[in-house]
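In what follows, a single structure is set out as structure tokens and then discussed.
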Amino acid sequence: MDKIVIHGGERLEGEVQVSGSKNAALPILISSLLTDGWNTFHNVPDLVDIRTIKKLLKSLGVKIEEGETLRINAGEIGSCEASYDLVKTMRASILVLGPLVARMGMARVSLPGGCAIGARPVNLHIKALEDMGAEINLKDGYIEAKASRLKGATVYFDIPTVTGTENIMMAACLAKGTTLLENAAREPEIMNLADVLNDMGAKISGAGTNVIRIDGVDELHPVEATVIPDRIEAGTFMIAAGMTGGDVRITGCDSGYLDALIAKLRDTGMDISTIDGGIRAVGGEKIRSVDIKTLPYPGFPTDLQAQMMAFMTIGGGLSVITEAVFENRFMHVSELMRMGADIVIEGNNAVVKGVPKLKGAPVMATDLRASASLILAGLAAEGSTELSRVYHIDRGYQKIEEKLSSLGANIKRVKR
Ligand code: UD1
């Protein structure tokens, strides 16, 4: 299996381009299930998760043409089943549930089961479809859903779930009548999806707020659409600049979606400014420790918690990091401690006491964002860090080692 080897201590400097957002691309590609004809998508990142979703769409009978842009035609759907093998490798596969029931009147989708960052149930997706009149049975580890036509309904989400909001927003586009999603998630990726669906002819308003209204229509048509830049990738490069005392211009991204991170990075002593088409992130002389609490958007993103923790391991004081979105999202802690970090976990809080220097060590990636945090730690550490199980990073960061080495990092992938 491949490894990433980093010799730490290089200051990052230069310009790096952000790829398309994984979490926006996944539902957008899936939204083509609601249309009959060729859709064209721009700025789709080349990632393992995107390959998984293409595999899933193909298994449903969808045609895909690869090229500079991605073309998808769901004119003929031959199967309504998402198998365990595909869903277990990527939980976001659950996103086919709503569109399949809406377009085909039925779906059979494997239950995702547990994953490295907690139980992550899909009860809210299921309850919402039931509210819209679907008949749901859980059988042999699969969700079986049927509805001759979904009916508009008022759906209240107990927790603002991102993929839940996307799943039901897609389903409601073809439902009869009006659907209101209350306590909906507000992430920018949801706005990107709503824009694409509206271009397809849907009638959605309020995406980006916590109440989304969808007036159902009889059919949607194919579109040409562009995926927004990946704010988590952009944020990861900003933190890399802070950890190496660097000066990095991150282009092709929108600073407006990163307010929570930018505020915290400024508190650490970094200088963050908006430049033409992106962000400039400059590391401070000293790193001030800051407290973080993850929350649904526009709060601090849980997908940047591990990277921010890596930063705080070399802060000048104490930092309390509270994970309030997912239980059990601290697997990176024990690996960071192998590199000399001083961290104590108390429930969903991690108390991080900054140390002057991390030391390179062999470490293991446990999930996507944890891998990113270990790469960041390796960049700032003394000596060499060897990251194994790099398939996790390949799920969500396009060519990360190439991008970082173009900024001056001493990092390479070793093929096994
Ligand atoms: C999405 C993102 C993921 C990010 C997360 C939170 C994608 C493909 N993935 O994941 O990168 O970390 O949002 O920003 O966009 N919950 C329930 N029942 C449900 C659904 C969710 O209890 O039916 C809970 C979860 O366990 C979690 C919270 O709601 O505690 C938020 O999860 P959710 O927003 O659904 O995460 P995902 O959509 O899976």
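The values are calculated or read from the model by the stated rules, or taken from the named source; none is laboratory data. Note that the structure is predicted; figures quoted are calculated from it, not measured. As a convention, Cβ positions derive from the backbone with ideal geometry for all residues, glycine included, and neighbour counts pool all protein chains shown.
Can you work out which of the residues in region 38-62 that are within 16 Å of the ligand (Cβ to nearest atom) and assigned to a loop (DSSP other than H, G, I, E, B) is nearest to N192 (Cα to Cα)?
Once the filter is applied, the top-ranked residue is V44.
Out of all the residues in region 82-101, which are charged (D, E, K, R) and within 12 Å of the ligand (Cβ to nearest atom)?
R91
Please give the number of the condition V48 fails out of (1) within 19 Å of the chain's Cα centre (by Cα); (2) buried (at least 21 other Cβ atoms within 10 Å of the Cβ).
If we test V48 against (1) within 19 Å of the chain's Cα centre (by Cα); (2) buried (at least 21 other Cβ atoms within 10 Å of the Cβ), just (2) comes out false.
If you go through region 268-305 one residue at a time, how many are crowded, with 17+ Cβ neighbours inside 10 Å, within 16 Å of the ligand (Cβ to nearest atom) and not in a strand (DSSP E or B)?
Number of matching residues: 7.
Which residue is nearest to E327 (Cα to Cα), if the candidates are limited to region 120-136 and must be outside any helix (DSSP H, G or I) and at pLDDT 95 or above?
Step by step, filter region 120-136, then rank; the result is I136.
Does region 226-242 contain at least one residue that is more than 22 Å from the chain's Cα centre (by Cα) and either hydroxyl-bearing (S, T, Y) or surrounded by fewer than 24 Cβ atoms within 10 Å (Cβ to Cβ) (or both)?
no
Determine, yes or no, whether V109 is of a type outside the set (D, E, K, R), in a strand (DSSP E or B), within 15 Å of the ligand (Cβ to nearest atom) and surrounded by 16 or more Cβ atoms within 10 Å (Cβ to Cβ).
The answer is yes for V109.
Which condition number in (1) farther than 19 Å from M170 by Cα; (2) within 13 Å of the ligand (Cβ to nearest atom) is the one that D140 fails?
The one condition D140 does not meet is (2).
What is the number of the single condition among (1) in contact with a strand residue (DSSP E or B) (Cβ under 8 Å, 6 or more places away or on another chain); (2) modelled with pLDDT of 95 or more; (3) closer than 27 Å to L407 by Cα; (4) not charged (D, E, K, R) that I314 does not meet?
(1)
Check region 168-182 and report whether any residue there is touching a Pro at 6+ places or on another chain (Cβ under 8 Å) and assigned by TED's automatic domain parsing to the domain that holds L97.
The answer is yes; a qualifying residue exists.
In region 250-268, what residues are more than 24 Å from the chain's Cα centre (by Cα) and within 18 Å of L379 (Cβ to Cβ)?
Matches in region 250-268: T268 only.
Regarding I72, is this residue touching a Gly at 6+ places or on another chain (Cβ under 7 Å), away from the ligand (no atom under 16 Å from the Cβ) and under 30 Å from L180 (Cβ atoms)?
No: the conditions fail for I72.
Take the residues in region 145-172 that are surrounded by fewer than 18 Cβ atoms within 10 Å (Cβ to Cβ) and more than 16 Å from Y297 (Cα to Cα); name whichever of them is nearest to the ligand (Cβ to nearest atom).
Let us first name the residues in region 145-172 that are surrounded by fewer than 18 Cβ atoms within 10 Å (Cβ to Cβ), namely 146, 148-149, 151, 154, 156, 158-159.
Subsequent filtering for residues that are more than 16 Å from Y297 (Cα to Cα) retains 146, 148-149, 151, 154, 156.
On the way: K146: 20, S148: 24, R149: 23, K151: 21, T154: 17, Y156: 13 Å.
If we take residues in region 145-172 being surrounded by fewer than 18 Cβ atoms within 10 Å (Cβ to Cβ) and more than 16 Å from Y297 (Cα to Cα), then Y156 is nearest to the ligand (Cβ to nearest atom).
Please go through region 284-316 and pick out each residue that is farther than 25 Å from E187 by Cα and in contact with a Lys or Arg (Cβ under 8 Å, 6 or more places away or on another chain).
Passing the criteria: I314, G315, G316.
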